[in-house]
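Remarks on the structure that follows.
The values are calculated or read from the model by the stated rules, or taken from the named source; none is laboratory data. Keep in mind that what you see is a predicted model, and the values were worked out from it rather than measured. Quick reminder, even Gly has a Cβ in these numbers, built from the backbone with ideal geometry, and neighbours come from all protein chains shown.
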Amino acid sequence: MMGQQSGAQDRLFYSFNLDAHVPADHLLRGIDRFLDLSDLRQHLTAFYSHTGRPSIDPELMVRMLLVGYCFGIRSERRLCEEVHLNLAYRWFCRLGLEDGVPDHSTFSKNRHGRFRDCDAFRQLFETVVERCITEGLVGGEGFAIDASIIRADANRRRGTPSTAQVEWPAPEQRTRAVREYLEALDASEPVGAPPKYLSMTDPAARWTAAPGCPAFYAYSTNYLVDVKSGVIVDVEATAAHRTEETEATKTMIDRVAERHEITPQRLIGDTAYGTGPMLEWLVEDKGIEPHVPVWDKSKRSDDTFSVSEFQWNEQANEYRCPGGEALRNEWRKFKNPRSRVTQDSTVIYHADPRICAQCPLKPRCCPNMPTRKIARSLYEKSRAFARQVAETAAYRQSRKDRKKVEVLFAHLKRILKLDRLRLRGRRGARDEFLLAATAQNLRRMARKWMQTTMTEPIAAT
Ligand code: SF4
């Protein structure tokens, strides 16, 4: 017999247990197990007034935000609707069936207000990393570093050439992003060359482009990842600029050492991190093995001798060319000694042009120059060490380990849908990247825990 629903929805009293309706293998159950917000209220006390109407509970704010970042719900309006309708989200946010969900405009106002001014998201992120360490997910032996470009919330047509005289709005009409940018400009000098265009909506975003693609305004999210289980041990928001990205690596390694007392034995990265100063910092200052390809432009493709064919003699401070002649940085003594260091932090070594002129190897050495010159980096010792490391089996393993960061960026953009920022300004980018990295670490811990405790396969979420 065909059944038929009664359709009666007018009962006043229900016996309903929300907890019983959230599946045991729901991702949020695992996340809830590892989320500790006990210090949040204390951390935020200074940012709340003692009088006036009660605000949204900060724990509810953070739990709702985590739901949004864990499940790729980017719109605040939609997040409020989803928390209202979804029983598992309600359970995670500690809301009863009849409890009201904050209005999306109140939610935004709180998020963009006091949460932006305090360091609560960093504290939350570091608490979660600490829990990952306690759970044994962080090995601490090898870290991988990489950066990924995320589009800023700035129209690419609303920009001005950075060399032009910019007319900023009057102070009382300036947006938060513009205020932050101008304050940062007053506080410190910008790093690297100025960008081609400046966004009037979010001036801290950098005008950037991948080869062959149209340019846009963007920030970079920088991940420092422990390669044992792919836990993000630190994250930093920078402009999409290589110099800032390498500087962020130093900041993150120092911060992890300070907060969690972990310094890796090896750092894995791509060529962007293989510059002389960076390798010197890793090898000499920190004692970290660089599993990074050396930034090297000395290789030649025109069949002439490359630098590796010249022998370096440390004691004599000279190179020996394939013809057995010396290349020195100084061929005669000056009354006032000269530093000989170029703007690129190199010292130029060259052979005697009179000898080169008669050398039979000249066509293969310096066919278009009177003598052969070699620019030796001041950081050549660390560069040579990095080249030695690149010959080892451990380095070959590191090349595979590096993919763990790329997987996290793919997950960030495709699953968590963070391919474009919603908040503006450097602080907005920082908050978004911290929350996304926190969500990724919580998801990782939850999945590991569920894989070890559940006999049934985990439901796709
Ligand atoms: S050209 Fe000069 S530097 Fe080159 S091999 Fe001959 S002597 Fe040496």
Positions within segment 2-36 being outside any helix (DSSP H, G or I), among the charged types (D, E, K, R) and in contact (Cβ under 8 Å) with a residue 60 or more places away in the chain, in sequence order: Asp25, Asp36
message: Need the failing condition index for His350 against (1) crowded, with 16+ Cβ neighbours inside 10 Å; (2) within 16 Å of Gly274 (Cα to Cα), just the number.
response: (2)
- request: Grab the strands (runs of 3 or more DSSP E) fully contained in segment 192-292, keeping just those with 3 or more residues being not polar (S, T, N, Q).
  value: 216-226, 231-239, 266-268, 289-291
message: Testing Ile262 on (1) out of contact with any helix residue (DSSP H, G or I) (no Cβ under 7 Å at 6 or more places or on another chain); (2) at pLDDT 90 or above, one condition comes back false. Which one is that?
response: (1)
- line: For segment 282-316, the count of residues that are under 30 Å from Thr134 (Cβ atoms) and of a type outside the set (A, V, I, L, M) equals 6
- request: For Val294, indicate whether it is aliphatic (A, V, I, L, M), more than 9 Å from the ligand (Cβ to nearest atom) and modelled with pLDDT of 95 or more.
  value: no
query: Quick one: in segment 125-173, which of the residues that are farther than 26 Å from Leu66 by Cα and among the hydrophobic types (A, V, I, L, M, F, W, C) is surrounded by the most Cβ atoms within 10 Å (Cβ to Cβ)?
result: Trp168
query: Would you pick out the residues in segment 101-117 that are part of a loop (DSSP other than H, G, I, E, B) and surrounded by 17 or more Cβ atoms within 10 Å (Cβ to Cβ)?
result: Val101, Pro102
field: Within segment 297-316, tally of residues that are under 40 Å from the mean Cα position of the chain (by Cα) and more than 16 Å from the ligand (Cβ to nearest atom)
entry: 4
message: Could you check segment 81-100 and list, in sequence order, the residues that are touching a residue at least 24 places away in the same chain (Cβ under 8 Å) and outside any helix (DSSP H, G or I)?
response: Cys93, Arg94, Leu95, Gly96, Leu97
